[in-house]
Amino acid sequence: MTISGPQIATQRSTSVEELVPLLTDARPVLGVMNFNIIDQLIEQLREAYPAEWIMHAVAVNSMGLPGVLEHFRARGLGAVTASASELDIAKHAGFMAHELVHSAAVNTWSILRQLMETGLSLIVDNFAELNRIDELVEQTEHVQ
């Protein structure tokens, strides 16, 4: 089922109108997540990019709420993390190593070692980091 932009806008508007009475001076902010729309968008994503070798993923920095991340994970999406804290959030939401990709601008030796030990995929952003990974691989080979 394909949902259009205007349909999403109508659903969002209707939801907000129904929830407005809940806003008060004591509760001036209200967060709303429409999982039906999210599920429809996930379905459209899979229709647009159906290849099995593609891992569809959500960035933890854009949606760090564990319950929402669990919803994405239950629908087969992976997660992209950019820091140690985001990695912890994703793990707490139930993501396994094969469902995660770590993409930090700079990774410390300890983070790189942890990523390699757990078999997590990572994106290497610079040659200095690539050299660190090469050294860690070499150290691991000497230990075995």
Worksheet item: Hey, got the Cα dimensions of the chain along the principal axes, in Å, largest first?
Response: 64, 42, 25
Item to complete: Give me the accessible area per residue for the chain, probe 1.4 Å, as a whole number in Å².
Response: 65 Å²
Worksheet, complete the sentence: For region 1-51, the Cα gyration tensor yields equivalent-ellipsoid semi-axes (√(5λ), largest first, whole Å) of 30, 12, 6
Response to the item:
Taking protein heavy atoms only, a 1.4 Å probe, and rounding to whole percent, the accessible area of the chain owed to carbon and sulfur comes out at 58 percent
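Taking 35 Å as R0, compute the FRET efficiency from the Cβ-Cβ separation of residue 137 and residue 48 and round it to 0.05. Please report the intermediate quantities before stating the final value.
On the way: r = 36 Å, r/R0 = 1.04.
According to the calculation, E is roughly 0.45.
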Worksheet item: Taking only Cα atoms, what is the 0 to 90° angle, nearest 10, from helix 5-19's long axis to the longest principal axis of the chain?
Response: 70 degrees
Worksheet item: To the nearest 10 degrees, how steep is helix 109-118 against the longest Cα principal axis of the chain, on a 0 to 90 scale?
Response: 80 degrees
Response to the item:
Most packed first (mean Cβ within 10 Å per residue), the peptides 29-38, 103-112 order as 103-112, 29-38
Worksheet entry | Nearest 10 degrees, 0 to 90: helix 35-48 Cα axis against the chain principal axis | 60 degrees
Practice prompt. Take the Cα radius of gyration of region 48-100 and divide it by 2.2 N^0.38 Å, with N its residue count; two decimals is plenty.
Written response: 1.06
Item to complete: Putting +1 on Lys and Arg Cβ atoms and -1 on Asp and Glu Cβ atoms, find which of 120, 35, 57 reaches farthest to the positive end of the dipole of the chain.
Response: 35
Worksheet item: Mind checking the alpha-carbon convex hull of region 84-144 and giving the volume per residue in Å³?
Response: 79 Å³
Worksheet, complete the sentence: Measure of exposure for residue 135: accessible area at 1.4 Å probe, Å² rounded to 10, is 90 Å²
Discussion item. On a full-extension model of 0.36 nm per residue, what is the gain between residue 97 and residue 17, subtracting their alpha-carbon distance, rounded to one decimal in nm?
Written reply: 24.7 nm
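The values are calculated or read from the model by the stated rules, or taken from the named source; none is laboratory data. What you are looking at is a predicted structure, and each value in this text was computed from that prediction instead of being measured. No Cβ is skipped: glycine too gets one built from the backbone with ideal geometry, and neighbour counts run over all protein chains shown. Just the protein is used for accessible areas: all its heavy atoms, side chains included, with ligands, DNA and RNA removed. Shrake-Rupley method; radii C 1.70, N 1.55, O 1.52, S 1.80 Å.
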